[in-house]
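Student: Quick one: structure below, then a few questions.
A short reminder: the numbers here are calculations on the coordinates, not readings from a lab. Since the model is a prediction, treat every value here as computed from it, not as a measurement. Please note: Cβ atoms are built from the backbone with ideal geometry, for glycine as well, and neighbour counts cover all protein chains shown.
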Amino acid sequence: MPEWIVERGIGETRYALVDGEEIVEAQVELEEIVPAGRVLEAKLTTLKPRTIAVDGTGNEYLLAKVPSNVTEGETLQIQVIRSGIPGAEPWKRALARPASDNPGKDIEKETKHGSLPDSWNDLIEQARSGIVRFEGGELRISPTPAMTLIDVDGYLGPAELAVRGAAEAAKAIRRLDIGGPIGIDLPTSGSKAARQDAAAAIDAVLPQPFERTAVNGFGFVQIVRPRRRASLIELAQERAPFEARALLRRAQSEQPGGKRLVAHPAVIAVLEAKPGWIEKLARKLGGEIELRPDASLPMSGGYATSL
């Protein structure tokens with residue numbers, strides 16, 4: 001029976017719904033990001049053109065609505081309904097609403113603490129590359145400001161590839177925690193039955209709640225899911241922090257003792273700016289941690305060696 005496993009790492013907490021050794025669903029919560037569902041106190045700083053509230057640590061929240069009797073400068077209880085999305089665009093701020101509106105908490109998970117299966121490494125590679133391979137084809141996943149686009153391609157016949165690709169796309173959406181508007185571009189099939197089967201394949205794999213269109217004659221179908229945090233694909237777009245956290249996870253599995261972390265200069269710069277992360281790693285491994293930049297390494301090529 002599938003079970004949720006939580007792995008509390010340095011800089012992030014990782015959740016995975018695991019069935020055997022397969023990851024069915026995954027989520028990552030960043031240390032510095034207030035998660036969806038959290039209730040906190042914030043001051044209303046701006047009413048127009050957008051309503052913005054700021055909490056005690058300086059995090060900004062876009063408010064969906066405020067009571068008519070609340071004025072600028074007042075403090076109120078808010079509940080986060082979507083955590084902040086990495087990136088500089090202001091529309092990627094966290095979303096919140098007054099806590100009295102009771103938007104509900106994130107799905108409660110019965111979790112056990114432990115190490116994630118080896119398939120987590122495959123999942124991280126899928127997030128990095130945006131490529132998910134399956135027997136007969138592959139998905140190419142591209143985040144855009146408007147929606148996440150999934151292109152299905154392969155060597156199977158158009159009707160078979162449309163159905164199989166739809167199912168694999170739905171699995172990837174769940175596994176990579178993709179929410180919001182999603183467009184899937186399936187092979188064009190002249191068969192109405194194949195288009196209906198492709199739509200049914202999505203419905204069979206992707207749990208509610210979500211809405212979708214029919215698969216049109218060009219093979220395109222749009223899905224809209226709740227979006228409560230950044231997807232793994234979006235997290236990977238912030239490449240240096242993403243790789244810094246991944247390197248720390250790998251280093252944690254090393255034998256105890258002092259370590260030298262060797263990585264691309266951009267990754268090292270992230271680690272240098274996060275001394276708390278290095279201190280946590282030093283405590284876990286029981287030794288000193290040194291950092292060394294190496295411009296010849298790819299972003300994902302960081303490694304740890306013993307001192």
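Student: Two decimals, Cα atoms only, Kirkwood Rh: what is Rg/Rh over the stretch 238-306?
Tutor: Working: Rg = 10.7 Å, Rh = 11.5 Å.
Radius of gyration relative to Kirkwood radius: 0.92.
Student: A further question follows. Starting from 0.36 nm per residue, how many nanometres of slack lie between residue 133 and residue 204 once their C-alpha separation is accounted for?
Tutor: Extending this stretch completely gives an extra 23.6 nm.
Student: Give the Rg (one decimal place) followed by the Dmax (whole number) of the stretch 116-225, computed from C-alpha coordinates and expressed in Å.
Tutor: For the stretch 116-225, the Cα-based Rg and Dmax read 13.2, 43 Å.
Student: Roughly how many debye, to the nearest 20, is the charge dipole of the chain about its Cα centre, given +1 on each Lys and Arg Cβ, -1 on each Asp and Glu Cβ, and no other charges?
Tutor: 580 debye
Student: Straight-line reach only, C-alpha to C-alpha below 12 angstrom: list the aspartates and glutamates that residue 65 could link to, leaving out same-chain residues fewer than 8 apart.
Tutor: Hits, sequence-local ones excluded: 101.
Student: Now for a different question. Spelling out what I want: for every residue of the stretch 5-22, take phi, set θ = phi - 60°, compute 6.51 cos²θ - 1.76 cosθ + 1.60 (Karplus), and round to whole Hz; glycine and proline get x.
Tutor: 10, 10, 10, 8, x, 8, x, 7, 10, 10, 10, 9, 8, 10, 10, x, 10, 9
Student: For residue 220, list long-range residues whose amide hydrogen, built 1.01 Å from N in the peptide plane, is under 5 Å from its own amide hydrogen.
Tutor: The answer is 186.
Student: Would you please give the FRET efficiency between residue 125 and residue 294, computed as 1/(1 + (r/R0)^6) with r the Cβ-Cβ distance and R0 = 30 Å, to the nearest 0.05?
Tutor: Efficiency, from the Cβ-Cβ distance: 0.90.
Student: Figure the gain on full extension for residue 156 and residue 24 (residue separation times 0.36 nm, minus the Cα-Cα span) and round it to one decimal in nm.
Tutor: On the way: separation 132, 0.36 × 132 = 47.52 nm, distance 2.47 nm.
Taking residue 156 through residue 24 to full extension adds about 45.0 nm, to one decimal.
Student: Next question, about the same structure. For the pair residue 220 and residue 6, how long in nm is the line joining their label points, each one 7 Å along Cα→Cβ?
Tutor: So the label points at residue 220 and residue 6 sit 4.1 nm apart.
Student: For the stretch 174-287, what size does the Cα cloud have along each of its three principal axes, sorted from largest down, in whole Å?
Tutor: Principal-axis extents of the stretch 174-287 (Cα, largest first): 63, 25, 23 Å.
Student: Can you return the aspartates and glutamates within cross-link range of residue 48? Criterion is Cα-Cα under 16 Å, with same-chain partners fewer than 8 residues away left out.
Tutor: 60, 72, 74
Student: Between the DSSP loop rule and a limit of at most 13 other Cβ atoms within 10 Å, which trypsin sites (Lys or Arg not before Pro) in the stretch 227-307 are left?
Tutor: Answer in residue order: no site qualifies.
Student: In addition: Assuming a ≥ b ≥ c are the square roots of the Cα gyration tensor eigenvalues, decide whether the stretch 119-176 counts as rounded (a/c under 1.5), prolate (otherwise, with a/b larger than b/c) or oblate.
Tutor: It comes out oblate by the Cα gyration axes.
Student: From largest to smallest, what semi-axes in whole angstrom does the stretch 211-260 give when each is the square root of 5 times an eigenvalue of its alpha carbon gyration tensor? Display every interim value, and only then the final one.
Tutor: Working: eigenvalues 327, 24, 20 Å².
Each semi-axis is the square root of five times an eigenvalue, giving 40, 11, 10 Å.
Student: Which shape class, rounded, prolate or oblate, goes with the stretch 1-56 when its Cα gyration tensor gives a ≥ b ≥ c as root eigenvalues, a/c under 1.5 marks rounded, and past that a/b bigger than b/c marks prolate? Intermediate values should be presented prior to the final figure.
Tutor: Working: a/c = 3.92, a/b = 2.82, b/c = 1.39.
Prolate shape, in that a/c is at least 1.5 and a/b is the bigger ratio.
Student: Which ordering of 296, 253, 191 is given by a fewest-first count of other beta-carbon atoms within 10 Å?
Tutor: Arranged by neighbour count, lowest to highest, 296, 253, 191 become 296, 253, 191.
Student: Given bins 10 angstrom wide, list per bin the percent of all Cα-Cα distances in the chain, short to long.
Tutor: Pairs per bin, as whole percents: 6, 23, 29, 25, 14, 3, 0.
Student: In debye, nearest 20: dipole of the stretch 39-101 around its Cα centre with unit charges on the Cβ of K, R (+) and D, E (-)?
Tutor: Using only the charged Cβ atoms, the result is roughly 240 debye.
Student: Still on this structure: With viscosity set to 1.002 mPa s and temperature to 20 °C, compute the Stokes-Einstein D of the stretch 39-101, Rh being the Kirkwood radius across alpha carbon pairs; µm²/s, no decimals.
Tutor: The calculation lands on 187 µm²/s.
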